[in-house]
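Chemist: Questions regarding the structure given below will be posed in turn.
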Amino acid sequence: MQYKYITMGITKTEGFTDSQNELAVLTKALGHPARIAIIEYIIRVNSCICGDIVNELPLAQPTVSQHLKELKNAGLIKGSVEGSSICYCIDENGFEKVKGFFKTIYNHIEKKKTDCC
């Protein structure tokens, strides 16, 4: 007897543009306060080693590493190996896309200046 496997829980991302899906990944990565704190720290020090971030946040090293992985996979930070450590910095390309999206919203708000609801 053969079984046909059905994948459940499809996210339906195929119904949206590549740009919409990419922006959703970027903004989802920003949707956690620890990741915002990591980005703020990287901006403040202009680059950093993972251990430095661990000392700044009230989180365990494996948790910080997981958040760094999410930010890197989304394209918001990049890392380079320095000896046995990884130095992280902001990935400008990812933030340019986020900036463009929010700039579009801001421009709409500025032009509209009326109550719609």
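Chemist: In this structure, does Cys50 turn out to be closer than 24 Å to Asn21 by Cα and touching a Ser or Thr at 6+ places or on another chain (Cβ under 7 Å)?
Modeler: On the way: closer than 24 Å to Asn21 by Cα: no; touching a Ser or Thr at 6+ places or on another chain (Cβ under 7 Å): yes.
No, not satisfied.
Chemist: Continuing with the same structure: Under 8 Å between Cβ atoms, at least 6 apart or on separate chains: pull out the pairs that start in the range 88-108 with a residue that is more than 18 Å from Asp18 (Cβ to Cβ) and end on any residue that is open to solvent by 100 Å² or more (accessible area, probe 1.4 Å) and in a helix (DSSP H, G or I).
Modeler: Listed by first residue and then by second, the contacts come to Ile90/Ile43.
Chemist: Residue by residue through the range 90-117, note down the ones that are outside any helix (DSSP H, G or I) and modelled with pLDDT of 90 or more. Don't jump to the end; show me each part of the working.
Modeler: Going through the range 90-117, the residues outside any helix (DSSP H, G or I) turn out to be 90-91, 113-117.
Listed by number, the residues that qualify are Ile90, Asp91.
Chemist: Something else: Identify the single condition in (1) more than 30 Å from Thr13 (Cα to Cα); (2) open to solvent by 90 Å² or more (accessible area, probe 1.4 Å); (3) aromatic (Phe, Trp, Tyr) that Tyr41 does not satisfy, given that it satisfies every other one.
Modeler: Tallying (1) more than 30 Å from Thr13 (Cα to Cα); (2) open to solvent by 90 Å² or more (accessible area, probe 1.4 Å); (3) aromatic (Phe, Trp, Tyr), Tyr41 fails exactly one: (2).
Listed here are the residues, each with its yes/no results for (1) at pLDDT below 95; (2) closer than 30 Å to Ser84 by Cβ.
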| site | (1), (2) |
| --- | --- |
| Tyr3 | yes, no |
| Ile6 | yes, no |
| Phe16 | yes, no |
| Asn21 | yes, no |
| Pro33 | no, yes |
| Ile38 | no, yes |
| Cys48 | yes, yes |
| Val54 | yes, yes |
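Chemist: Right, next: Working only within the range 66-85, note down all residues that are open to solvent by less than 70 Å² (accessible area, probe 1.4 Å), part of a strand (DSSP E or B) and within 22 Å of Pro33 (Cβ to Cβ).
Modeler: Within the range 66-85, Ile77, Gly79 meet the criteria.
The values are calculated or read from the model by the stated rules, or taken from the named source; none is laboratory data. This one's a predicted model, so the numbers in the text were calculated from it and none came from an experiment. Note that we place each Cβ from the backbone using ideal geometry, even for glycine, and neighbour counts take in every protein chain shown. Side chains are part of the model used for accessible areas, which takes the heavy atoms of the whole protein and leaves out ligands, DNA and RNA. Shrake-Rupley method; radii C 1.70, N 1.55, O 1.52, S 1.80 Å.
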